[in-house]
Structure formats: structure tokens, C-alpha cells
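In what follows, a structure is listed as C-alpha cells, so that the remarks can point back to it.
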Amino acid sequence: MTKDPKDQLNGPGKGESVPPIRIDEIGFGSASPSVQSDSFEPIPSTLEENSNESIGSFQGSIQEKIAQEVERKRREGAFPPSFERRLKDSFERLIPQGGGTSREDFWSLFRSTDRAAFMDIDVPIASNTPGVSKVKKFIRSLTAWYLNYLLQQITNFTANLMQLIAAFDLRIKSLEDRIPFPSESIGRSPAMPVSEKTAKFVSDLLANSPGRLIITCCTASNILSSLTESGADVYGVDTDETVLDQLQQSGLDVRLSSTLDELENVRDGSLYCVLLQGSYELESLGKIRRILKSAARAVEVGGKIVLITHLPDFKLNDKESKIAIDLAPGHLLHTETWEELLSCVTPKLLTKSEQSVKNLSECVIIAEKVSDQQGSAS
């Protein structure tokens, strides 16, 4: 007959004897009969370490299963990039007023804060209890002189603070007027084209990569499809959802994201290679540094950052590309400048330029991430 667990917790029944339990057998410590019950040996730290290791391995396995399921869904086309774009736009429309980053949101929050800055010490004294309203009125008249003195100082401070915020906004607006926002940029963002020779050279270089690869602005070349056919663990990111839908339907792993957003969201050391191509060359210097720094953080030790760059004398013939290049935040840089930027971002990169590509307007720069000891030695 099975015993009720409650009976086991409440203690032995009549005629039953409970065998003595030794604490050292349970594993919580050990006690000697000659010492008091509060003198236990500490719990071995190995138990805590083993527990942390088991929890970490369990979390890692769950994350791996989630990543595999998400990748499978993406390959099946369950979440096309155009759907992700519409979903993102829907979420942005649901952001409460004042919670965004536009000028309208700022001024809505500014006006709300300005109204909240007004304070009134004339507190209500009404009450349903007889006599309480007279007591409240007496307390209010008794403390009015004190509260008025504090309120005058607080009001002066908040008024000056709101004027200071307004002055800051005017100065920031003057800077924003000089540099257009991405949504207000004139023309399209040119995806700097990659020649077939350069694309083949890079594809052959990364075909046998032992880890995961990411290709930015993947619509600028056919490197993504070439590496996928070779069996490499690779995916691409871009902001053109129309082309990404077509690439996903052909079985390629693509994501709707900008270069910087994707690299900033990747786990440290989770990639073997980051291939930078496309319009990143024409970003502002500050954004380029953030892209390179994020790429160096995302790449594992022994991994690579590969840059496909165009020399300053490179020209595009179509009208829209000419306009976009002229109005871009940045401009094309020389190979030596790219190498200098890589060394400034982190000393843990060993760079070299490949001139085997028979094209004077393009250059492939390969930076390998080394360990701390190698970086300090170099």
C-alpha cells in the first residue's frame, strides 16, 4: 500500500520507527555527535559549479534549438522580409505619442513636460467628515508661507530648465538641417556593385569557412548564392525587401536589416566571418567606425573581416547613382585609409590587401582577428 506523502511529512505513525539520517550522507555537510547542531561543514563549491554548468548547458541547448527552428522557418519562407517590414511599420504606428524619435514626438513630450512643471499649493480642503475641512483649511493657511517660498524656487528652476531644453533643441535642429536623416535622404542608397571577378575571388576565399558567415548588403553581388551552393553556413542582410523576398524563395537565408543593426545584435564571437560590401563605404566616418567595431566584436578569434572596397576614382554611370554618391554622408576611401580605420578600431586585427583581383577600382581587404597576446605583440 502506497503511503501518502503528507503522512511522510507529518512524521512516523504508531509502531513505526524512523532510521537515523546522517547529514553527511545527504550531501549538505557533516556533523559530529560531540558538536552542536549549528556547526556544519560548508557545502562543497563543486556542487554549485556543477549546477551552474548544467544550467548553462541546458540554456545553450534551448537557444540552439530555437535558432535552428527560426532558421528552418526562414528557409521555408514562413516569414518573408516584406512581411517583417510591414510588421515593423505596424509596431511603429502603435508607439505612444512622445515615445518615438521624430521632432513631432519630441515636441509632444516637451509640451507635456512643460504643463507638468506647473505646481499648485492651493490643495483642496473639501471633506465629507464634519470638521475635517476646517482643520485642512487651518493647516493650509498655516503652511502657505512656507510652501510659497519653496514653490517660487522650484518654479524658477523648472522654467529655466525648459528654456534650456528648448535652446538645446534649436542647436540640435541646426545640425540636423545640415545632415538629412535616412528617411529624408535624397535619391536612393547606392549598393556599390561588385564585379564578377571580385565576387568569385571572395567566394573561393570563404568557401571552406569552418564557421558561420554573414554577408551585408547581400543584393550587391551573387556571393551569398555561391557560398550557399558550396555548403557554407551563411546568411545575408539587406534593406531591399522586394529583392530579399525573391532570394528567400530561391532557398537563401536572408534577413531584413541594416548592416549596423544586424552586427550590433549578433552575439560576441558567434561568427567566423563578416563580409562587408555595398553602400557601407559611403556612410559617415562615425558610422563606419561603429560598423567595424561591431564586426570585430562579433567575429571569433581566428575569424575574418573581409571588406570589398572601391577606390575614390570609381564612377557609376547611371544618373541616380551619381546623385546618391554626391549626396552621401561619406565618400570612397583609399585602401590605406581602410587599413588605418581597422587598426584604430581594434589592435586585434591583422590586415592585408589582395591585389590579385584584376580590377583597379576594387580591392579586397582581409582582417584576421587574433588573440590578446598576438595583438599586443603585433
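The values are calculated or read from the model by the stated rules, or taken from the named source; none is laboratory data. Since the model is a prediction, treat every value here as computed from it, not as a measurement. Note that we place each Cβ from the backbone using ideal geometry, even for glycine, and neighbour counts take in every protein chain shown.
In this structure, Phe138 qualifies as modelled with pLDDT of 80 or more, assigned to a helix (DSSP H, G or I) and hydrophobic (A, V, I, L, M, F, W, C). I'd like to know if region 260-270 contains one or more residues that are in contact with a Gly (Cβ under 8 Å, 6 or more places away or on another chain) and buried (at least 18 other Cβ atoms within 10 Å of the Cβ). The answer is no; no qualifying residue exists.
Scanning region 255-313 for residues that are in a helix (DSSP H, G or I), charged (D, E, K, R) and either free of Cβ contacts under 8 Å to residues at least 12 places away in the same chain or touching a Lys or Arg at 6+ places or on another chain (Cβ under 7 Å) (or both) gives Asp261, Glu262. For region 323-332, check the following and say yes or no: at least one residue is modelled with pLDDT of 90 or more and assigned by TED's automatic domain parsing to the domain that holds Asp268. Within region 323-332, one or more residues are modelled with pLDDT of 90 or more and assigned by TED's automatic domain parsing to the domain that holds Asp268.
Taking (1) under 18 Å from Glu283 (Cα atoms); (2) touching an Asp or Glu at 6+ places or on another chain (Cβ under 7 Å); (3) at pLDDT below 90 in turn, Cys217 satisfies each apart from (3). When the residues of region 296-346 are filtered to those that are surrounded by 13 or more Cβ atoms within 10 Å (Cβ to Cβ) and of a type in the set (Asp, Glu), the one that is nearest to Ala367 (Cα to Cα) is Glu339. Hey, does region 352-372 have a residue that's assigned by TED's automatic domain parsing to the domain that holds Ser270, more than 26 Å from the chain's Cα centre (by Cα), modelled with pLDDT under 85 and of a type in the set (Val, Ile, Thr)? Yes, region 352-372 has at least one match. Give region 237-261 a look and list any residue that's within 17 Å of the chain's Cα centre (by Cα) and closer than 24 Å to Phe201 by Cβ, or say none. Once the filter is applied, which keeps residues that are within 17 Å of the chain's Cα centre (by Cα) and closer than 24 Å to Phe201 by Cβ, region 237-261 yields Val237, Asp238, Thr259.
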